[in-house]
Every structure is written in structure tokens, then in C-alpha cells.
1. Can you tell me how much longer the chain between residue 164 and residue 332 gets when fully stretched, taken as 0.36 nm per residue apart minus their C-alpha distance, in nm with one decimal?
2. Sticking with the crude label model, points 7 Å out along Cα→Cβ, report the distance from residue 357 to residue 184 in nm, one decimal please.
3. How big is the convex hull of the Cα atoms of the range 158-235, per residue, in Å³?
4. Find which of 263, 282, 235 sits farthest along the positive direction of the dipole of the range 233-290, computed with +1 on the beta-carbon of Lys and Arg, -1 on that of Asp and Glu, about the Cα centre.
5. Quick one: plug the Kirkwood hydrodynamic radius of the range 1-145 (C-alpha pairs) into Stokes-Einstein at 20 °C, 1.002 mPa s, and report D in µm²/s.
6. Which of the pairs 88/225; 157/299; 233/332; 153/273; 88/226 have their Cα atoms more than 32 Å apart in this structure?
7. May I ask you to derive the FRET efficiency for residue 214 and residue 15 from their Cβ-Cβ distance with R0 = 41 Å, giving the value to the nearest 0.05?
8. So, with +1 on the Cβ of K and R and -1 on the Cβ of D and E, and no other charges, what is the size of the charge dipole of the range 133-228 about its Cα centre, to the nearest 20 debye?
Amino acid sequence: MQDHQESPPGLEYDTSAPVLVTGATGYVAGWLTRRLLEEGFSVHAAVRNPGIANQMTHIERMRRELPGSIQFFQADLLERGSYTRAMKDCSVVFHTASPFEFAVRDPQRELIDPAVLGTRSVLDSVNVTGSVRRVVLTSSVVATYGDNADIAKLPGKVLNEEAWNTTSTPKHQPYPYSKTQAERIAWEIAEAQDRWRLVTVNPGLVLGPCVTDYIPDAYSFSLIKKFADGTLKAGVPPYETGMVDVRDVAEAHLRAGFLPGAQGRHIIFSDVKRFIDVSALLHAMFKDHRPFPHRVLPKWLLWLVGPRADKAFTRPVVSKNMRHPWRADNSKSRQSLGMQYRAIEQAITDMFSQMIELGAVQVPQALTGSHKPGTS
Ligand code: NAP
């Protein structure tokens with residue numbers, strides 16, 4: 001299967017100027033960088049450790065095999081002005097860098113400051129870099145709502161691009177709070193000028209394989225690993241959310257960066273799945289590899305013991321998210337960006353196959369042999 005969709009008719013990528021990707025070695029940014037290199041762009045990759053990034057084998061492979069070029073720059077979200085050098089001459093800035101984690105000790109330091117001060121710093125650099133005409137911000141669908149329970153209060157009980165997260169705080173749902181505050185600041189800065197346009201991509205839970213030769217330390221992978229490593233062996237929470245293939249998220253960024261008509265926010269997801277659906281799919285495809293959870297935990301039990309098992313699982317989080325439906329409208333992304341989403345089952349299957357291949361999931365000895373996914 002081709003890793004990306006056909007471009008919408010009439011969309012030509014102007015590769016004459018370089019483009020900047022912040023956090024270019026991240027999970028989502030890895031696919032975006034690859035897509036840009038496939039189209040022949042000169043990619044300025046801003047990362048915390050350019051020395052390490054330069055030596056990564058997947059980067060060497062992309063340099064060898066793809067028409068574009070890549071150059072690394074050192075930058076940190078917490079160092080003001082550190083993106084200015086990487087941005088020189090760039091036409092489009094893709095700002096993806098932002099910490100994604102739920103279980104943090106110090107939300108302000110670990111999530112909110114890098115997300116908000118980092119976005120401000122990147123956009124301050126955009127304001128002094130005359131070549132930039134568009135900024136694509138990797139926001140999140142959690143900038144449109146805080147808890148699943150919020151969705152039932154919306155008109156039609158469905159999320160769309162008009163909605164804003166008004167319920168998260170530094171103490172309750174700090175990651176959604178960090179993404180909401182970062183996106184709000186971005187709109188404020190964008191609306192104070194008229195040289196460059198801000199377009200946001202607001203993905204749901206991103207799943208699918210990585211471009212690296214190792215499993216990245218990204219939340220999406222640690223979540224799927226929990227289905228296989230025994231963390232969820234007693235059962236999965238009664239939770240559902242919108243999910244999307246990482247390759248579609250990369251494509252949405254590219255189109256948001258270059259389609260002349262792209263503007264505003266874009267909710268990006270393909271399917272709504274319950275955690276038990278994810279587990280059932282993993283069981284159907286890979287049951288020889290792991291005993292996947294097969295029951296849904298009662299909400300009252302999670303409410304009682306959840307906070308002891310996982311500090312992000314506070315009682316308000318359990319009350320406002322478990323057994324609350326998740327509904328959203330992705331029609332803007334399908335119409336304005338021409339997105340045709342691949343099935344999330346493909347993303348999960350490809351992701352887990354890769355986790356086995358790269359040794360992130362240990363196959364019990366008794367089960368090793370000639371197994372192929374889905375053929376037992
Ligand atoms: P990831 O692999 O952990 O990427 C996060 C990136 O942010 C990494 O490149 C990381 O750099 C960078 N970063 C963090 N703190 C930084 C700092 N102080 N200075 C510079 N860079 C810093 O996770 P991801 O899933 O790809 O997330 C990428 C973006 O997508 C984030 O904005 C996230 O909020 C958004 N998003 C993700 C999902 C999802 O389900 N995965 C859903 C919606 C939105 P290092 O590589 O140096 O650590």
C-alpha cells in the first residue's frame with residue numbers, strides 16, 4: 001500500500017523555498033518529514049539534539065532514497081529565539097514540537113511552559129522572518145474539548161471546529177490544557193498581523209507505525225504497549241475516542257501547508273473506537289503473541305482504584321470520560337483538505353506488527369514459531 005494518498009487534483013507543491021519542521025524527530029513529525037522529502041522539499045529540521053538526529057539510520061536512508069534534502073538545527077521550545085536560525089528563508093513552518101504525556105509530576109514545567117512559551121517563541125521568530133507565508137500548528141482535538149462529557153453539552157452533541165476546550169486546567173487534564181492554551185496564543189499572534197496565515201491540524205489519537213528503526217518514546221506507542229504487556233490484563237477502561245492513522249496526519253499537515261484555500265482549524269480523525277475494540281482487533285490479528293484484555297472494567301471500580309494505578313486517572317477524569325460517548329465531525333478536513341482517511345484497523349495492525357518486529361513486544365517462548373499476524 002502506498003504510504004500516502006493521491007494529492008488533490010491541481011495541488012502543486014512549490015519546493016523552491018525550504019520548509020521548517022519543529023520537533024522533526026518526533027513520531028508524527030517523522031512521517032511529515034518523510035512526506036516533505038518525498039515531494040522534493042529542502043527540510044530544515046529543528047531538534048533538541050542535531051548530532052544524534054544526523055546519525056539516525058532512517059535519516060540516512062531517507063537522504064539516500066528520497067529526492068528532498070534535510071538539514072538539522074538545534075532548537076529548544078524553552079529557549080526564546082532558538083528557532084530563528086532554522087527558519088531562515090523558509091516559506092512554511094510546521095510547528096509540531098510539544099510534549100505529549102498524561103502522567104506528569106509538574107504540569108506547568110513539563111507540559112504547559114514548553115507548549116505555550118514554545119509556540120510563542122516559534123511565532124515570534126515567524127514574525128521576524130519575512131519569507132514565511134504560512135504556519136501549520138499541530139494542535140489536537142483536545143483543544144476543542146476537555147472531557148468526553150463536555151461533548152454532550154454541544155449543539156447536536158458533536159464536536160466541530162467551532163468548539164473550544166473550556167474545562168481543562170493545569171490540575172485537571174493538563175495535557176489538553178497545554179494544547180488549548182498553545183493554540184489560543186497562536187491564534188492571538190496570527191490575528192495581530194496579516195503577512196502569514198495560521199492553519200491548525202487538530203488530530204484525535206494518532207496510531208500507526210513509525211518511520212524510525214526503533215520504537216519511539218511517544219505516548220501513542222506506550223498506550224498500545226499497555227494492551228500487550230499486562231498493564232491492562234484485568235480489563236480496559238470503558239472509554240472511546242476518535243483515532244487516526246499517523247500517515248493521514250502527516251498528509252493533512254502537508255495539505256494544510258500548501259492548499260491555497262486551507263484556513264482555520266481542522267479536526268482530523270477517521271474512526272471512533274472503544275478501547276475494547278482495539279483489544280479485540282489485536283486479539284484477532286495477533287492472538288499468538290499476547291493474551292490481550294477481553295473485558296471492560298466497571299466504571300465504579302476504576303473510580304475506586306484508578307488513581308492508585310495511574311496518577312492521570314483521577315476520579316474527575318474517570319467520572320467525566322468513562323462511559324461518555326465521543327462524537328466529532330471530520331467533514332471540514334474531508335472537504336477543504338480532501339482527506340480520505342484510511343481505516344484505523346490498518347494503522348493498529350501495522351503499528352503492532354512493527355512493535356513485534358522491532359522487539360518492543362516480547363513473544364512468549366511457547367508461542368514463537370512460524371506465526372504470521374492473523375493466520376493462527
Ligand atoms: P512525540 O514523538 O513525543 O513528539 C513530541 C516532539 O516534541 C518531539 O520531537 C520532542 O523532541 C519535542 N519536544 C518536546 N519538548 C521539547 C522542548 N522542550 N524543546 C524542543 N522540542 C521538544 O509525540 P507525537 O505524538 O509525535 O506528538 C507530536 C505533536 O502531535 C505534539 O504537538 C502533540 O501534542 C500532537 N498530537 C499528538 C497526538 C498523538 O496521539 N500522538 C494527537 C494529537 C496531537 P525530542 O524528540 O527531542 O524529545
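Readers should treat all values here as calculations from the given coordinates under stated rules, not as data from a laboratory. Since the model is a prediction, treat every value here as computed from it, not as a measurement. A quick note on method: Cβ atoms are made from the backbone with ideal geometry, for glycine too, and the neighbour counts reach across all protein chains shown.
1. Working: separation 168, 0.36 × 168 = 60.48 nm, distance 1.61 nm.
Contour length minus Cα-Cα distance gives 58.9 nm.
2. 4.3
3. Values: hull volume 13.6 nm³, N = 78.
It comes to 174 Å³ per residue, whole-number rounded.
4. Toward the positive end, the furthest listed residue is 235.
5. Working: Rh = 15.9 Å.
The estimated diffusion coefficient comes to 134 µm²/s.
6. On the way: 88/225 39 Å; 157/299 22 Å; 233/332 38 Å; 153/273 21 Å; 88/226 42 Å.
In this structure, 88/225; 233/332; 88/226 exceed 32 Å between Cα atoms.
7. On the way: r = 30 Å, r/R0 = 0.72.
Using R0 = 41 Å, I get an efficiency of 0.90.
8. Values: 11 positive and 10 negative charges, 14 e Å.
Dipole about the Cα centre, nearest 20: 60 debye.
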